[in-house]
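Okay, structure first, notes after.
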Amino acid sequence: MTQSFQALMIEDVDGKPRAGFKPIALSDLPDNDVLVEVAYSSLNYKDGLAVSGKGRIARRLPMVAGIDLAGTVVESRSPDWKPGDQVVVNGWGMSETEWGGYARYQRVKPHMLTRLPAKFSLRQAMAIGTAGYTAALCVNALEDWGTIREREGEVLVTGAAGGVGSVAVALLASRGYRVTASTGRKETHEYLASLGAKGFVDRGTLAEKGSMLQKERWVGAVDTVGSTTLVNVLAQTVYGGAVTACGLAGGADLPGSVMPHILRAVTLIGVDSVMAPHAKRDRAWATLAESLDLALLDSMTTVEPLSRVPELAGEILAGRIRGRVVIEIT
Ligand code: NDP
């Protein structure tokens with residue numbers, strides 16, 4: 001086994017979190033029960049916040065960044081896992097309170113592991129990553145609510161060309177819904193159409209303050225943007241419809257009114273991937289295995305080395321990343 005390996009580590013420099021590469025050894029890893037050799041991680045918006053230092057994601061320092069990992073169990077003190085098992089970890093506090101996936105090896109707590117679903121390779125599991133698994137949580141929540149299944153009409157995805165958005169568009173379209181994609185990048189229309197989007201909304205029109213109730217349009221929506229965009233989406237949702245809120249790419253505020261909720265019985269469903277219980281995770285991965293076309297997944301994915309993460313962190317926060325980025329750990 002490698003004596004020392006590079007980790008993308010966030011450390012306290014003059015009272016501020018700063019990310020940089022640092023060689024560490026197995027003996028530096030936390031004393032958790034399962035040692036995983038990491039093959040791939042991924043790049044998510046939250047990784048951008050953590051690595052750039054623009055968001056206080058790491059709650060204890062030093063912290064190995066990376067909210068996702070996929071790899072192979074090397075050693076285990078847990079009866080549930082054995083060497084050779086292929087595993088995935090999404091969230092569970094990685095990069096916040098638990099050391100994460102931007103390192104060749106990581107020791108994790110047994111409950112954090114999910115068995116790699118048979119349909120996916122380690123690389124494909126990270127092409128999905130937290131973003132894709134969150135998209136599946138959103139789709140499951142909307143289907144459980146029911147309106148998108150019961151009523152004909154458009155399902156909206158905001159931040160559509162991003163990671164959560166791309167997987168949400170592909171999943172919803174393959175499950176038979178008519179998907180409208182909201183994006184600020186016209187040049188992604190062809191790409192989004194290839195994932196299954198049938199209509200487009202310029203994100204600028206959703207970002208402007210609108211009236212409390214607007215023309216009913218969406219039978220459901222996956223929102224990754226938050227703020228005024230989410231308020232407008234709620235104001236445009238049909239009677240009895242639901243919107244899943246999972247993101248804040250446009251802002252963490254919610255400057256709206258109760259009107260859609262009290263006059264149209266619109267429901268706002270909160271979606272969290274980090275601490276989602278195992279049953280929800282397993283269902284999300286089952287939805288992905290059932291409905292995500294692997295060729296489409298490949299078409300939305302680029303693969304980058306760990307060394308580029310600091311640069312890519314700035315790119316994802318600037319909204320310049322299309323689809324998903326897999327981080328290859330060598
Ligand atoms: P990406 O950067 O890949 O996607 C975000 C997309 O939002 C961009 O591609 C862009 O889409 C759009 N966008 C960016 N900036 C703005 C802006 N200022 N105003 C409006 N739209 C904007 O990120 P991810 O897909 O990884 O994550 C999306 C969001 O979901 C993030 O806020 C992230 O923190 C959150 N998230 C939450 C999770 C949870 O557990 N609740 C889990 C995973 C993600 P376009 O160019 O098409 O307009």
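The values are calculated or read from the model by the stated rules, or taken from the named source; none is laboratory data. Not measured: the values here are computed from a predicted model. Because the Cβ atoms are built from the backbone with ideal geometry, glycine has one as well, and the counts that use them run over all protein chains shown.
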Search result, residues across the stretch 86-106 that are among the acidic types (Asp, Glu) and either part of a strand (DSSP E or B) or surrounded by 24 or more Cβ atoms within 10 Å (Cβ to Cβ) (or both):
98
With closer than 30 Å to residue 117 by Cβ, out of contact with any His (no Cβ under 6 Å at 6 or more places or on another chain) and not in a strand (DSSP E or B) as the only criterion, which of 307, 211 stands out?
307
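Name the residues in the stretch 230-286 that are of a type in the set (Phe, Trp, Tyr) and either within 16 Å of the ligand (Cβ to nearest atom) or in contact with a Cys (Cβ under 9 Å, 6 or more places away or on another chain) (or both), would you? Break it down into steps so the answer makes sense when it comes.
The initial filter retains those residues of the stretch 230-286 that are of a type in the set (Phe, Trp, Tyr), namely 239, 285.
The answer is 285, and nothing else.
Quick check on the stretch 139-148. Is at least one of its residues in a loop (DSSP other than H, G, I, E, B) and either within 15 Å of the ligand (Cβ to nearest atom) or modelled with pLDDT of 95 or more (or both)?
So the first thing to find is which residues in the stretch 139-148 are in a loop (DSSP other than H, G, I, E, B), and the list is 146.
Adding the requirement that they be either within 15 Å of the ligand (Cβ to nearest atom) or modelled with pLDDT of 95 or more (or both) leaves 146.
The answer is yes, given that some residue of the stretch 139-148 is in a loop (DSSP other than H, G, I, E, B) and either within 15 Å of the ligand (Cβ to nearest atom) or modelled with pLDDT of 95 or more (or both).
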Give the stretch 293-311 a look and list any residue that's more than 22 Å from residue 170 (Cβ to Cβ) and not hydroxyl-bearing (Ser, Thr, Tyr), or say none.
305, 306, 308, 309, 310, 311
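From 301, 228, 330, 267, which residue is buried (at least 18 other Cβ atoms within 10 Å of the Cβ) and touching a Leu at 6+ places or on another chain (Cβ under 9 Å)?
Numbers: 301 fails: touching a Leu at 6+ places or on another chain (Cβ under 9 Å); 330 fails: buried (at least 18 other Cβ atoms within 10 Å of the Cβ); 267 fails: touching a Leu at 6+ places or on another chain (Cβ under 9 Å).
Just a single option satisfies the conditions, and that option is 228.
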